[in-house]
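Okay, so here's the structure we're looking at.
FYI, it's all coordinate maths here, none of it is from the lab. What you see is a predicted model; the values in this text were computed from it and never measured. Every residue, glycine among them, receives a Cβ derived from its backbone with ideal geometry; neighbour counts consider all protein chains shown.
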Amino acid sequence: MKVIITEDLSKKFKSFIAVNKVNIEIEEGEIYGFVGLNGAGKTTTIRMLLRMMKPTDGKVFLFGKDIAKGFEQWNDIGYIVESTYAYPNLTVRENLELFFMLRKLKEKTLIDNIIEKLKLNEYQNILAKNLSLGNLQRLGLAKALIHKPKLLILDEPLNGLDPIGIIEVREMLRELSQNGTTIFVSSHILAELAKIATKIGIIHRGKLVKELTSVQLEKQLKKRLVISTKDNYKAIELLKQKGWVPSINTKNEIEILDERALSRSDEICKFLTNNDLPPYKLYPFEEDLESFFIRTIRNEEE
Ligand SMILES: Nc1ncnc2c1ncn2[C@@H]1O[C@H](COP(=O)(O)OP(=O)(O)OP(=O)(O)O)[C@@H](O)[C@H]1O
């Protein structure tokens, strides 16, 4: 079942187009990573998914139902949007108790369970206004998860968390999705999302410029062979004679972008050695996710 569908979802603020005909389809149990630079349109899209903001154009279907037409399944959804909202003068536990009542939940154990799960035990009697950013984010997640929603919509949930907190939240999201929860999660850092997402959507200037599965992402990362010898310029001449297209990178190393060079690195090594230029460095190098992200966005601007 498709849990989220958007059809040409668009939002204009006066003449400025913040979200431009975004079409997304997300299957049950999927973790959809929504990536974009600051101002790309992530929060605006999320606000429209939650009907906190009306689209100028287009539609949103959650669990197969148009949310503009008397949608009633909000209790199946948990969310964090932008900075986590908590009542500053209530403690962590009181915030959760209030949310428990607002959601009209019944099982009192849900509060203790979520405090335990988010490791908020030692902070449960602290006022929300006195929490660190990371723990405030945990409280936000606790509120999003307390009622065991089928769909989680999270805007930058890793903001403010320390490295251990980031790992814990990632693990938690992975576990939730394995148990069938569908997760829509935004971030401006592709590397963070790529570790958990089953599908990635890149939004730039309001447009969904690329959508790919984690397997497709891995395939699209550019791979190259990096080589260093005692005379790289001479080595380049020799490699050119052999039909390769080598270049010099900023570290004065030789790079061959042609991926066939990776599987033929033995042959290249032997060839250079036979020509008195044995490589003292020869390794495959894979483009990192941030470079891929920037490359995708640049291509879009050209
Ligand atoms: N209420 C509003 N009125 C006018 N412009 C707005 C409004 N809300 C958002 N925008 C503009 O729409 C664009 C998209 O904003 P949005 O908050 O969706 O981006 P984002 O991808 O979530 O960015 P960030 O990572 O910085 O939160 C921005 O240029 C923003 O200034």
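A few remarks follow.
- Residue-averaged 222 nm ellipticity for the chain, from DSSP H runs of 4+ at -39500 (n - 2.57), nearest 500: -10000 deg cm²/dmol
- Set of aspartates and glutamates near K129 by C-alpha distance (under 17 Å), chain-local residues within fewer than 8 positions excluded: E82, E94, E97
- Hull volume in cubic angstrom per residue (convex hull over the Cα atoms of the range 223-286): 71
- The H on the amide N of I126, modeled in the peptide plane, is under 5 Å from the matching H of V92, R93, each at least 5 residues off or on a different chain.
- The aspartates and glutamates within cross-link reach of K240, meaning a Cα-to-Cα straight distance under 19 Å and a gap of 8 or more places when in the same chain, are D231, E253, E255, D258, E259, D266, E267, D276.
- Loop-located GluC sites (Glu not before Pro) in the range 34-141, at most 11 other Cβ atoms within 10 Å (DSSP): E72, E107
- Where labels lie 7 Å past Cα in the beta-carbon direction, separation of C269 and L102 in nm: 6.1
- Computed over the range 223-286, relative contact order equals 51 percent, with contacts defined as Cα pairs under 8 Å that lie 6+ residues apart.
- Working from Cα pairs under 8 Å separated by at least six residues, relative contact order for the chain is 20 percent.
- Rounded to the nearest 10 degrees, the inclination of helix 92-102 to the longest alpha-carbon principal axis of the chain is 70 degrees.
- Partners of K117 within straight-line reach, counting aspartates and glutamates whose Cα lies under 14 Å from its Cα and excluding those fewer than 8 residues away in the same chain: E168, E171, E175.
- Computed lengthening from Q216 to S291, 0.36 nm per intervening residue step minus Cα-Cα distance: 25.4 nm
- Alpha carbon convex hull of the chain, projected area averaged over orientations, nm²: 19.9
- Positive end of the dipole of the range 16-97 (Cβ unit charges, origin at the Cα centre): among G33, L90, P55, the Cα lying farthest that way belongs to P55.
- In degrees, nearest ten, helix 232-241 long axis to first principal axis of the chain (Cα): 80
- Helix axis angle, 163-178 relative to the chain longest principal axis, alpha carbon, degrees: 70
- For the pair the range 83-121 and the range 236-302, the centres of their Cα atoms are 54 angstrom apart.
- Cα centroid separation, the range 173-188 to the range 144-162 (Å): 9
- Computed from backbone phi, the HN-Hα couplings of the range 258-266 come to 4, 5, 5, 4, 5, 7, 10, 5, 4 Hz, rounded to whole numbers (Karplus: 6.51 cos²θ - 1.76 cosθ + 1.60, θ = phi - 60°; Gly and Pro given as x).
- Sorted fewest first by neighbouring Cβ atoms within 10 angstrom, L152, L221 come out as L221, L152.
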